[in-house]
Amino acid sequence: MIKNRIPGDMGKYALREISRNKTTTFISSFLLIASGFLDAIGLSLIVPTVNVLVLEDGYSSKGQFVSIIKNAFDILGIPYSLKFFLLAIAAIMLIRSMFIMMQISYSGIIRANYILNMRIKYLDKLKKSSWRYLKSQSQSKLLNITTLEIQRSGTCFLNLQQAIASIGTLIIYLGFLFLISTKMTLFAILSAIFLSLIFSVLLKIARKIGEKEGRAGDSFFKKFTESISLSKYLRAHGKDGIMEDEIHSSLKNLRSIHVKSGVNDAVFLATYEYAFIGFISLGLLIGSQYLNLDGSQLALISLVFYRLFQKTKTAQQHLQFMSKNIPATKYVEEEINNIEKNFQVWGDKEFDIINKSIEFNDLMLKWDGKVILKKVNLKIKPGTINLFLGPSGEGKTTLIDCAAGIIKPESGSVKFDNNDISDFSEKSFKSKISYVDQNATLLNESIINNIKWGSDHISKSEIYKISKDLNIHDKIKSLKNGYNTNVGDRGINLSGGERQRIIITRSLIRKPSILILDEAINQLDSKSKVPILDVLSKLKGKMTIFIISHSDDAIEISDNIFEVSQHSLKRLRKDTNWKNYFKL
Ligand SMILES: Nc1ncnc2c1ncn2[C@@H]1O[C@H](COP(=O)(O)OP(=O)(O)OP(=O)(O)O)[C@@H](O)[C@H]1O
Ligand SMILES: [Mg+2]
């Protein structure tokens, strides 16, 4: 859940983003401002056009404006006639349309790039985050941030670019108006400021709506992903209704936020239109009654006013959208900054075959300040099978995670042939580890793709050999599509035991130096476990195997047996009375 969101500070946000993205801002603004400039030139030709149409000599005017245009025509050697005015207007407006097209396309690119960069940055930081941090995050939150919230951040950035470009264009139009009438320019500036002040109320409302939208998105994703993970439980207990109600209510909440947002936009647009009519009428009244402007100037002023208000509206509208989406940017940035870095450091030594020993020296590990393991010492020979027993929740997985370099212990060291784990390069170390996690699942892909995942160079015959040894090959072949059968989400179309054997096949084809099996065969019946235990015992000497188990199945093939309990590690003798131990 989102707590303590920092309210978006538009000014600071704008300055920061402009300074970070100078080129983008420049190009985007240039394209729009250039189109505004061309528009202003095109519009200026309205005056001589009107003059030619309504005045007998086609020239006389009260202001200086027409003489400026006439001079410009003379300098360029273009005849001062209706035909050329119309041709010039058509040519200028055509170029202007091209600038507008480029600007809109560029805006799309800006947004897409921003979203891509932010997503990559987020995913990259997640990749480098500590396992503790990643474990503390909910899937739904990560999903909401990567999809909706980052998309909203991209829109926010785009709105900022559009707002800046619109303000730039606004200045061009004001400059143009200044050439026609200084006083009307003053009037336009004052009315634009007045309008902005009035509409700042809507900006604040938009920001509140934007904050709520982020929270509602989080809540929807949470409920939805949980309902999928728990679908079997919910169905079995006839409780789908609870989740359905919760999902519907979060969807209704989202709907109501979207409605509010729509109404806020509608109020904005409608009021702006109304204000526009008021200001243009007032402007024309002032122009004709008090400033004595003639018909052609008034016609031009109406057009410039129209454009000015259009641009003020666009600028304001972009600020409005920006205000709505700033909370998303703030949220994503806070999340990115809060990602805890992985404390496990790595070196550059190549990790390959372990020759002499694997050691844990005085390991101490805490979760949330609570000691889980302390004074854990162990020394084993490579190529052995090592079994870890012990009550649930005592720290078996946590201990093995330290050996696998997933968790960095608070103190103590993990050593391979007297080299600290941190001396090795992460890539070489991890390429030599196969870890079958307690909660291992499959990809929603074919069996073959699941087995080959990350080891594309492996041949089919190698895969078949291992799966035959693990007694799963015939089963796979008997499926309608054989190895090309899709296993469904998390492998749901297979039985638990089939899933586990496919996962073990995947681990073995990598030919690791260290194989970790955390409750990896607990879903198999005793008979089906036999071929797997056989395969493992044949691997002795080729790799070091760590098995975590709650049963006595692997005792016979193990060289060392340890018990993790009461925060420490104790070696158990092989001739322990196992019936007694397991209370069989
Ligand atoms: N992310 C976490 N935050 C807080 N405590 C945690 C976290 N992960 C594990 N723990 C706690 O650490 C202890 C050891 O957990 P671990 O998973 O290592 O136990 P285990 O011996 O593998 O148990 P099991 O046999 O049930 O798999 C447990 O009490 C667990 O609640
Ligand atoms: Mg465990």
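No lab work stands behind these numbers, since they all come straight from the coordinates. Everything numeric in this text was worked out from a predicted model, so none of it was measured. Using ideal geometry, Cβ is built from the backbone for each residue, glycine included, and neighbour counts are taken over all protein chains shown.
Quick look at the numbers
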read-out	value
Note, ³J(HN,Hα) from phi for segment 90-105, Karplus 6.51, -1.76, 1.60, rounded to Hz, x at Gly and Pro	4, 5, 5, 5, 5, 4, 4, 4, 5, 4, 4, 4, 5, 5, 5, 4
Nitroxide proxy distance, nm - points 7 Å out along Cα→Cβ at LYS574 and LYS477	3.6
For LEU569, residues with placed amide H under 5 Å, excluding near neighbours	ASN377
Note, ³J(HN,Hα) from phi for segment 262-269, Karplus 6.51, -1.76, 1.60, rounded to Hz, x at Gly and Pro	x, 5, 4, 5, 5, 4, 4, 5
³J(HN,Hα), Karplus 6.51/-1.76/1.60, whole Hz, each residue of segment 130-146, x for Gly, Pro	6, 5, 4, 5, 4, 5, 7, 8, 8, 4, 5, 5, 4, 5, 4, 5, 5
Computed label-point distance, nm, for sites ILE353 and PHE582 using a 7 Å Cα→Cβ extension	3.4
Taking TYR122, TYR331 and counting other C-beta atoms within 10 Å, the order from fewest to most	TYR122, TYR331
Chain lengthening between ILE75 and ARG510 when straightened (0.36 nm per residue, less Cα-Cα)	148.7 nm
Footprinting exposure proxy for TYR272, TYR173 (fewest neighbouring C-beta atoms within 10 Å first)	TYR272, TYR173
Sites LEU186 and ILE277 - FRET efficiency at Förster radius 25 Å, r taken between beta-carbons, to 0.05	0.75
Mean residue ellipticity (222 nm) of the chain, computed from DSSP H runs ≥ 4 via -39,500 (n - 2.57), nearest 500	-20500 deg cm²/dmol
Cα long-axis angle, helix 10-20 against the chain (0 to 90 degrees, to the nearest 10)	80
Residue order, fewest to most surrounding Cβ atoms within 10 angstrom, among LYS127, LYS311	LYS127, LYS311
Given LYS374/LYS415; LYS468/LYS574; LYS128/LYS223; LYS375/LYS408; LYS260/LYS324; LYS128/LYS430, the pairs whose alpha carbons are separated by over 19 Å	LYS468/LYS574; LYS128/LYS223
Estimated distance in nm for a label pair at LYS121 and TRP367, the labels positioned 7 Å out from Cα along Cα-to-Cβ	3.3
On Cα atoms only, tilt of 150-180 relative to the major axis of the chain in degrees	10
